[in-house]
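First up is the structure itself, then whatever we jot down about it.
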Amino acid sequence: MNVFKEFFELPAEDKVSVYSNNLKRPCRLYTSSSNYDHENVHLWRDNLRHPCHPLEDCIKIWPQKPTRYREIVATYSIEAKKLGLRILELLSEGLGLGSGFFGDKLSESSLLSVNHYPPCPDPSLTLGVSRHCDPNLLTILHQGDEYGLQVFKDGEWIGVEPLHNAFVVNIGHQLQIISNNKLKSAEHRAVTNSRVARTTAAFFINPSDDCVIEPDKSLIDTNESPAYRPFQFKEFLLNYSSLMGNPEKCLEPFELHA
Ligand SMILES: O=C(O)CCC(=O)C(=O)O
Ligand SMILES: [Fe+2]
């Protein structure tokens, strides 16, 4: 995590080249959410994000400072992907799907999203990240050593205390859809604190943009019907960002009602 902390500690002139409000820029640093101009409440965070696949191409657009950023983050992204694929392999076995089910296009892409939440003078006024479920297949989140992550369960927000060197693994919307709601994506948010900065790194394993997502036939029980229509992953992302990840609304356009 140190290299991420070092990135955010750089003087502004070293970060300005990656700073952008243009959603189309694949590697960018921005403040609050991707919708700064239109959001009602600004989030207390800076976010650096960039794709990690294919590594040889992506690495050329990653930050050049700190000097070891590219080398360290390349190794990190390879290992995070391996871990994610191993977990997907186990989930596939648990669901009774064939080995390699989540390989190829379903898990082809990856995106690293690094959050930095500076100490917030009044944490009651805003959040670090507002409530959402991750839009992807699976997330490998390193939340560092500072508390801030909360998960919504049984009508209340429950704190997820950081464990040193442990990852939080989040099921994303796509895994919920493919499993026809057998797996549920977890609604979560990040709160801030007034004491100390918090830096977290979310490694998102994503389907490729044109990958068609739909409930797998073998996971639709005989007394069930598919809960979602087929769609391309890019269609989901477009809808998700226009709704700012609203967990009640973002599945709606893809739902089928029996
Ligand atoms: O910073 C955190 O603990 C959570 C971040 C998160 O949920 C995300 O980046 O999707
Ligand atoms: Fe998240």
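Laid out as a table, the results:
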read-out	value
Options Ser17, Gly128, Ile158, ranked by Cα towards positive dipole end of the range 1-254, top entry (Cβ charges)	Ser17
With every protein chain in place, the chain: carbon and sulfur % of accessible area (1.4 Å)	54 percent
Where the chain is the region considered: accessible area per residue in Å², 1.4 Å probe	51 Å²
Extension gain from Thr222 to Ala258, taking 0.36 nm per residue of separation minus the Cα-Cα distance	11.6 nm
For Asn180, residues with placed amide H under 5 Å, excluding near neighbours	Asp216
Restraint check, Lys184/Lys217; Lys81/Lys249; Lys81/Lys234, Cα-Cα greater than 25 Å	Lys81/Lys249
Karplus (6.51, -1.76, 1.60) ³J(HN,Hα), θ = phi - 60°, over the range 53-59, in Hz, Gly and Pro reported as x	9, x, 3, 4, 7, 5, 4
For the range 168-173, Karplus couplings with θ = phi - 60° (6.51, -1.76, 1.60), whole Hz, Gly/Pro x	9, 10, 10, 7, x, 3
Placed amide H near Cys211: partners under 5 Å, 5+ positions off or other chain	Phe233, Lys234
Folded to 0 to 90 degrees: helix 69-95 orientation relative to the chain principal axis, Cα	20 degrees
Listed residues Gly98, Thr200, Leu237: farthest to the positive end of the dipole of the chain (Cβ charges)	Thr200
Gyration tensor verdict on the chain (Cα atoms; rounded if a/c is under 1.5, prolate if a/b is larger than b/c, oblate otherwise)	prolate
For Asn136, distant residues with modelled amide H under 5 Å away	His173, Gln174
Student exercise, the range 61-207 dipole from Lys, Arg, Asp, Glu Cβ charges, in Debye to nearest 20	280 debye
Unit charges on C-beta of K, R, D, E only; dipole of the chain, Debye	500 debye
Lysines whose Cα lies under 17 Å from that of Lys15, excluding same-chain neighbours fewer than 8 positions away	Lys5, Lys60, Lys65
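The values are calculated or read from the model by the stated rules, or taken from the named source; none is laboratory data. These numbers come from a predicted model, not from an experiment. Every residue, glycine among them, receives a Cβ derived from its backbone with ideal geometry; neighbour counts consider all protein chains shown. All accessible areas refer to the heavy atoms of the entire protein, side chains included, with ligands and DNA or RNA removed. Shrake-Rupley method; radii C 1.70, N 1.55, O 1.52, S 1.80 Å.
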